[in-house]
Amino acid sequence: MSTLHLINRSPFSTNILQELADAVSQGDHVLLVEDGVYAASGTLLHALPKGIELWALEEDCMSRGVTSSDTSKMVDMAGFVALTATTHRTVSWF
Amino acid sequence: MVSQGLTYALMVQGTPYSQQASHSALRFAEALPAQGHRVATVFFYHDGVYNAASMMTPPRDEPHLLERWRALHQTQQCELLVCVASAVRRGLLDEGEARRHGHSHSTLEAPFELTGLGQLMQAALHHDRLITFAP
């Protein structure tokens, strides 16, 4: 059972990424949306274990001036839909 | 394994215009048909119930969220369910609730429906995916 984890809060206002690090399993996906995309730049995502696919929603990155990094891949809204379809369930962290 | 033709339930907990949840949920829902999916139920919970305010009147140059939800209901035949316990305490009452509580006007109307959490459970069980758009 693969899970898509949705993060919509800024990493500078919550500790959700640290909590998520203890909850993710191999093969899970993490998608950063809304203010969550602020975690896409820099080293914040290094808190998550290896074997997790990391994504950031392109339109939310663009509207916030967040550029792509080597830790997460950009995905558009169609890609967001595809991620919810290919994983078995979606969990929103907030 | 890419499943074809999934039905989705969306839960919207963000309040309109000060949080992004409504916009994110609408953008997501509007992108479903291109991949053969559809949204079957939208459930508005907590401050998300303000999305159903029937007198919502945003400035003309801003997105009209109420109209966007109505259009989504039209194009994908989705139910727009509003948690009654969240709604009534925030002043969102349909005609029946308005009458029952002695108010002269209603503030919520079709296609939005006041429902209970049981309907959320139903939607979660009957549809293929439940996606929460957090505040």
*asked:* Which numbered condition in (1) in contact (Cβ under 8 Å) with a residue 24 or more places away in the chain; (2) farther than 19 Å from B:Gln20 by Cα; (3) under 14 Å from the mean Cα position of the chain (by Cα) is the only one that B:Arg90 fails?
replied: (3)
*Counting only residues that are more than 21 Å from A:Val24 (Cβ to Cβ) and either facing chain B (nearest Cβ under 8 Å) or within 14 Å of the chain's Cα centre (by Cα) (or both), how many does the range A:61-80 have?*
6
_Spans of strands (runs of 3 or more DSSP E) in the range A:23-94 with at least 3 residues touching a Lys or Arg at 6+ places or on another chain (Cβ under 9 Å)_ = A:53-57, A:89-93
*Take B:Phe28 and decide whether it is under 12 Å from the mean Cα position of the chain (by Cα) and among the aromatic types (Phe, Trp, Tyr).*
no
*In the range A:1-10, residue surrounded by the fewest Cβ atoms within 10 Å (Cβ to Cβ) [restricted to those that are in a loop (DSSP other than H, G, I, E, B) and modelled with pLDDT of 95 or more]*: A:Ser2
*Could you run through the range B:29-48 and say how many residues are out of contact with any Lys or Arg (no Cβ under 8 Å at 6 or more places or on another chain), over 13 Å from B:Trp69 (Cβ atoms) and of a type outside the set (Ser, Thr, Tyr)?*
9
*Taking into account only those residues within the range B:106-135 that are under 20 Å from B:Trp69 (Cα atoms) and among the charged types (D, E, K, R), which is surrounded by the fewest Cβ atoms within 10 Å (Cβ to Cβ)?*
B:Glu109
*With the range B:1-105 as the region, which helices (runs of 4 or more DSSP H) entirely inside it contain at least 1 residues that are within 11 Å of chain A (Cβ to nearest Cβ) and surrounded by 14 or more Cβ atoms within 10 Å (Cβ to Cβ)?*
B:21-31
*Residues being farther than 17 Å from B:Phe133 by Cα and not acidic (Asp, Glu) - total across the range B:40-81*: 17
_the range A:37-94, residues that are touching a residue at least 12 places away in the same chain (Cβ under 8 Å) and of a type in the set (D, E, K, R)_ = A:Glu53, A:Glu58, A:Glu59, A:Asp60, A:Arg64, A:Lys73, A:Asp76, A:Arg89
*Please name all residue pairs, on different chains or six or more residues apart, with Cβ atoms under 8 Å, provided the first residue is in the range A:6-26 and is farther than 12 Å from A:Pro49 by Cβ and the second residue is assigned to a loop (DSSP other than H, G, I, E, B) and among the β-branched types (Val, Ile, Thr).*
A:Leu6/A:Val33; A:Ile7/A:Val33; A:Asn8/A:Val33
*For the range A:37-49, does any single residue satisfy the condition of being buried (at least 17 other Cβ atoms within 10 Å of the Cβ), touching a Cys at 6+ places or on another chain (Cβ under 9 Å) and within 12 Å of another protein chain (Cβ to nearest Cβ)?*
yes
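The values are calculated or read from the model by the stated rules, or taken from the named source; none is laboratory data. Keep in mind it's a predicted model, so treat the numbers as computed, not measured. So basically every Cβ, Gly included, is an ideal-geometry build from the backbone, and we count neighbours across all protein chains shown.
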